[in-house]
Amino acid sequence: MAFKKFAMGTSVLMGENVCEQIVVQADLFGAKNILLVTDRGIVGAGIVDNVLKHIEAGKYNVNVFDEVLPDPSVKVVDNGAALAVEKQCDLIIAIGGGSPIDVGKGIAVVAANGGSCADYDGLDKYSKQPIPLFAVPTTCGTGSEVTFGAVLSNTDTNYKFILYGHNCAPRVLFWTPHCFWGFPQKSWCPRAWMLLPMRWNRIFPRVLPCNPSPWRWRPSA
């Protein structure tokens, strides 16, 4: 019998207070030392503090790495990995859009395997399991929060590459609308509108019969 299968390695938790579950999930992984990976804009918006107040409810040593820039470079990843090794981090939590999450993936690989992230250009170029990675996205859908690759730039060679591995995806994703609070309206409104076309068939199922999903989905959309 023909069938279709969809599988992904990321557990997706959603809800207004879902960040309260970070400590629960961290305990399941046996975490003691956590590295938060983010950028200074996210810190300035107060989002990191909102996440930290939940993490600090547990007994963890937490370090913040906020050097992430758009189009992240090898140097940024390697600096973050050096901090993760120095602090003996056993869990990475990326807070932000695609750049912090991609940097988190790179740090998780390099901290576990050594060398530079430039050494891992391609598919499954590492031998040791990456450090577990959680993601708290602050965009309406970068895609990096559930995918296995990290797009990075080598500024020495002027070359952009993908660090890709079947266990590079975040283990757990925490999606909460609270992570949009603090952003300027002009920043998040265009991103919210990007989602609208993907929700037309939920909002108007009778107009678009291609998806006969029940009306019960309309309120969530």
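In this structure, residue 161 does satisfy being without any contact (Cβ under 8 Å) to a residue 60 or more places away in the chain and in a strand (DSSP E or B).
Using the structure shown, decide if residue 106 is surrounded by fewer than 13 Cβ atoms within 10 Å (Cβ to Cβ) and within 13 Å of residue 132 (Cα to Cα). When the stated conditions are applied, residue 106 does not pass them. Within region 57-95, the only residue that satisfies the criterion of being surrounded by fewer than 20 Cβ atoms within 10 Å (Cβ to Cβ), touching a Leu at 6+ places or on another chain (Cβ under 8 Å) and in a helix (DSSP H, G or I) is 83.
Out of curiosity, is residue 34 at pLDDT below 95 and buried (at least 19 other Cβ atoms within 10 Å of the Cβ)? No.
Do the conditions hold for residue 149, that is, is it over 18 Å from the mean Cα position of the chain (by Cα), surrounded by fewer than 21 Cβ atoms within 10 Å (Cβ to Cβ) and not acidic (Asp, Glu)?
Numbers: over 18 Å from the mean Cα position of the chain (by Cα): no; surrounded by fewer than 21 Cβ atoms within 10 Å (Cβ to Cβ): yes; not acidic (Asp, Glu): yes.
No.
Which residues, counting only those in region 16-34, are in a loop (DSSP other than H, G, I, E, B) and not aliphatic (A, V, I, L, M)?
Within region 16-34, the subset in a loop (DSSP other than H, G, I, E, B) is 16-17, 29-32.
16, 17, 29, 30, 32, listed by residue number.
When the residues of region 74-129 are filtered to those that are more than 12 Å from residue 165 (Cβ to Cβ) and polar (S, T, N, Q), which remaining residue is nearest to the chain's Cα centre (by Cα)? If we take residues in region 74-129 being more than 12 Å from residue 165 (Cβ to Cβ) and polar (S, T, N, Q), then 99 is nearest to the chain's Cα centre (by Cα). In the set 109, 76, 85, 64, only one residue is touching a Gly at 6+ places or on another chain (Cβ under 8 Å), among the β-branched types (Val, Ile, Thr) and at pLDDT 95 or above; that residue is 109.
Listed conditions (1) out of contact with any Gly (no Cβ under 7 Å at 6 or more places or on another chain); (2) surrounded by 18 or more Cβ atoms within 10 Å (Cβ to Cβ); (3) in contact (Cβ under 8 Å) with a residue 60 or more places away in the chain are all met by residue 17, apart from (2). Within region 122-136, the set of residues being surrounded by 12 or more Cβ atoms within 10 Å (Cβ to Cβ) and assigned to a loop (DSSP other than H, G, I, E, B) comprises 124, 125, 126, 129, 130, 131, 132.
Residue under question is residue 106, and the condition is that it be on the phi > 0 side of the Ramachandran plot and not in a strand (DSSP E or B); does it hold? For residue 106, the condition - on the phi > 0 side of the Ramachandran plot and not in a strand (DSSP E or B) - is not met.
The values are calculated or read from the model by the stated rules, or taken from the named source; none is laboratory data. Just so you know, these numbers come straight off a predicted model, no measurement behind them. Heads up, the Cβs are rebuilt from the backbone with ideal geometry, glycines too, and the neighbour counts pull from every protein chain shown.
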